[in-house]
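First up is the structure itself, then whatever we jot down about it.
The values are calculated or read from the model by the stated rules, or taken from the named source; none is laboratory data. From a predicted model like this one, the values you see are computed outputs, not experimental measurements. Because the Cβ atoms are built from the backbone with ideal geometry, glycine has one as well, and the counts that use them run over all protein chains shown. We work out accessible area using only protein heavy atoms, side chains counted, and drop any ligands, DNA or RNA first. Shrake-Rupley method; radii C 1.70, N 1.55, O 1.52, S 1.80 Å.
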Amino acid sequence: YIFIMDASTLSSEVHYLSAKEPLGAFKLFSPRQKNELYIIYDGEDRFFVLTNWKAQNFRLMEVDKKKTQKKNWKELVAHRKDVFLEGVKVFKNYIVLSERTKGSTQLEVVKRGETKGALIDFPDPAYSVSLETNVNYDTPSLRYDFISMNRPYSIYEYDFEKKESKLLKEKEYPGYNSDEYASERL
């Protein structure tokens, strides 16, 4: 799909067009509403909607591609007062949620069709993590970047089935050994 997002700080609306018909007319996904933001993601047979509609910290919805009106949205991840849902990556078999809770970002991996996910474990208690560019929709893994007070910038690959992370690349500093340092979160 080709998406055109028109957004301000407090509201948004998206128009979409099938990339298979690039000369066609764009369709309005859902009209702009005051104080309501949403972003849509292509899920092959449906759209996923990250929105703050009735959810200050955002929630994740799904909707049939032919009936995108808000009355047809179905909740997948409910609003949580203590968790801010920052972003979503949609894959053929998994959805990855980037969430902020208690001041830290966590990545939760949810198998499509299920309601409970698994959090990715990180090697340090205080860190910064973000999703890398993941262009393959039908993939067995996710790439993310990680950095902490005692660990240099690194790129990891998380295997969805094994639920394990593997270090792919770490920035090198001559003479530096991360095992000589410790960090803690108070």
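If you check SER12 against the conditions, is it of a type outside the set (D, E, K, R) and within 30 Å of LEU186 (Cα to Cα)?
no
Exactly one condition in (1) surrounded by fewer than 18 Cβ atoms within 10 Å (Cβ to Cβ); (2) within 26 Å of PHE160 (Cα to Cα); (3) out of contact with any Ser or Thr (no Cβ under 8 Å at 6 or more places or on another chain); (4) of a type in the set (A, V, I, L, M, F, W, C) is not met by ILE39; state its number.
Every condition holds for ILE39 apart from (3).
Given the conditions (1) modelled with pLDDT under 95; (2) surrounded by 16 or more Cβ atoms within 10 Å (Cβ to Cβ); (3) within 29 Å of ARG143 (Cα to Cα), and given that ALA7 satisfies all but one, which numbered condition is not satisfied?
(2)
Do you know which of the residues in the stretch 134-154 that are among the hydrophobic types (A, V, I, L, M, F, W, C) and more than 17 Å from the chain's Cα centre (by Cα) is least open to solvent (accessible area, probe 1.4 Å)?
Of everything passing the filter in the stretch 134-154, ILE147 is least open to solvent (accessible area, probe 1.4 Å).
Going by the structure shown, is THR139 polar (S, T, N, Q) and over 29 Å from ARG185 (Cβ atoms)?
So THR139 passes the test.
Looking for something modelled with pLDDT under 95, over 20 Å from LEU85 (Cα atoms) and more than 14 Å from the chain's Cα centre (by Cα) - is there at least one such residue anywhere in the stretch 110-124?
Within the stretch 110-124, one or more residues are modelled with pLDDT under 95, over 20 Å from LEU85 (Cα atoms) and more than 14 Å from the chain's Cα centre (by Cα).
(1) without any contact (Cβ under 8 Å) to a residue 24 or more places away in the chain; (2) open to solvent by 80 Å² or more (accessible area, probe 1.4 Å); (3) not β-branched (Val, Ile, Thr): which one isn't true of ASN52, the others all being true?
Of (1) without any contact (Cβ under 8 Å) to a residue 24 or more places away in the chain; (2) open to solvent by 80 Å² or more (accessible area, probe 1.4 Å); (3) not β-branched (Val, Ile, Thr), only one is false for ASN52: (2).
Which of the residues that make up the stretch 62-99 are small (Gly, Ala, Ser) and in a strand (DSSP E or B)?
Selection gives GLY87, SER98.
For the stretch 100-124, which residues satisfy the criterion of being open to solvent by less than 20 Å² (accessible area, probe 1.4 Å), in a loop (DSSP other than H, G, I, E, B) and within 24 Å of ASP42 (Cβ to Cβ)?
The one that is open to solvent by less than 20 Å² (accessible area, probe 1.4 Å), in a loop (DSSP other than H, G, I, E, B) and within 24 Å of ASP42 (Cβ to Cβ): ILE120.
When residues of the stretch 94-109 are filtered for being more than 14 Å from the chain's Cα centre (by Cα) and touching a residue at least 24 places away in the same chain (Cβ under 8 Å), how many remain?
Residues that pass the stated criteria total 1.
Would you say GLU172 is modelled with pLDDT of 90 or more and either within 21 Å of the chain's Cα centre (by Cα) or assigned to a loop (DSSP other than H, G, I, E, B) (or both)?
yes
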